[in-house]
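Contents: one structure, followed by commentary.
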Amino acid sequence: MTESTRVQPLYKSIYLILIAMLSIQFGASVAKGLFPVAGPAGTTALRVFISALILVLVMRPWREKFTASGLRRIAAYGISLGLMNLLFYFALERIPLGIAVALEFTGPLTVALLSSKRVLDLVWAVLAGLGIYLILPLSEVSQALDMVGVLLALGAGFFWALYIVFGKATGKENSSSATSAVGMCFAAAVAFPVGLYTNFEQVVDPSLWMMGFLIAILSSALPYSLEMKAMQNMPAKTFGILMSLEPAFATLIGILFLSESLMPSQWVAIGCIMAASAGSTITAR
């Protein structure tokens, strides 16, 4: 195999990851457009419930055997996913998409930094802290943001961190596809009742199900499939570096489709968090 034939699958995987990120963030912009009708909880309920149905039908997890201990780990993984989605959509109702995604990224970044003992990673921690400071409404250089929205986005990041930890804990007892399908069912068990409680009429309204289906495809089914395919020909470090670009994609989608705007200090803040995420990935063992 020549060098060029080895490089081609990597380039293809990079394109797939970029498309996946665009899909996720465009799905988030579509979801935010549904908030005035179904609210963030109702929108989350539609997205997660329909995503669970799609994954169950496609992955067919009933073909595998699950132990009680395995199901408990998957339940923790899925509940974290459900709470992450709920808090993120509640945050997105109050603050711009790019800022919400950047703040949410502090979750996986914290997991990466805590698992490392390199002195250099202190630089990434300081850089991330600077980014958060510039975003916080308490900072003098930041445009006034909704503090509740900021805290909700950080909360979503916390549950993203737990999602990663519990995801690793699920081990290899069952296939990743079956684990994802069952985990999404647990996520739906968390998000769907909240959506029913806050926006019952909208969640059960068939006229909104197609919009929920579109959000589920754009935010879950399509990017999940593209990322799974891309990772077959891509080193984990390369994948992590590319994922650090997601706040930038979110910011651009917010500007183009949601007419959002950011202060220069907020652009710098997002850049700091992206740099910290990419740096921690590059220096990871």
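The values are calculated or read from the model by the stated rules, or taken from the named source; none is laboratory data. These numbers come from a predicted model, not from an experiment. Positions of Cβ are generated from backbone atoms using ideal geometry, with glycine treated the same way; all protein chains shown enter the neighbour counts.
Selection of first residues in region 113-127 that are of a type in the set (Asp, Glu) and of second residues that are surrounded by fewer than 17 Cβ atoms within 10 Å (Cβ to Cβ), restricted to Cβ pairs under 7 Å at least 6 apart or on distinct chains, gives the following pairs, ordered by first then second residue: Asp121/Thr283.
Checked against (1) assigned to a helix (DSSP H, G or I); (2) of a type in the set (A, V, I, L, M, F, W, C); (3) out of contact with any Leu (no Cβ under 7 Å at 6 or more places or on another chain), Val150 passes all but condition (3). For Ser280, the requirement of being among the small types (Gly, Ala, Ser) and outside any helix (DSSP H, G or I) is not met.
Look through region 37-69, keep the residues that are surrounded by 19 or more Cβ atoms within 10 Å (Cβ to Cβ) and farther than 25 Å from Val204 by Cβ, and return whichever of them is modelled with the highest pLDDT. Result: Pro61. Within region 216-238, residues that are without any contact (Cβ under 8 Å) to a residue 12 or more places away in the chain reach no partner that is of a type in the set (A, V, I, L, M) and part of a helix (DSSP H, G or I) with beta carbons closer than 7 Å at six or more positions or on different chains. Selection over region 79-124 of residues that are of a type in the set (Phe, Trp, Tyr) and over 16 Å from the mean Cα position of the chain (by Cα) gives a count of 1.
Within region 59-69, track down each residue that is touching a residue at least 24 places away in the same chain (Cβ under 8 Å) and in a helix (DSSP H, G or I). Of everything in region 59-69, those that are touching a residue at least 24 places away in the same chain (Cβ under 8 Å) and in a helix (DSSP H, G or I) turn out to be Met59, Pro61, Arg63.
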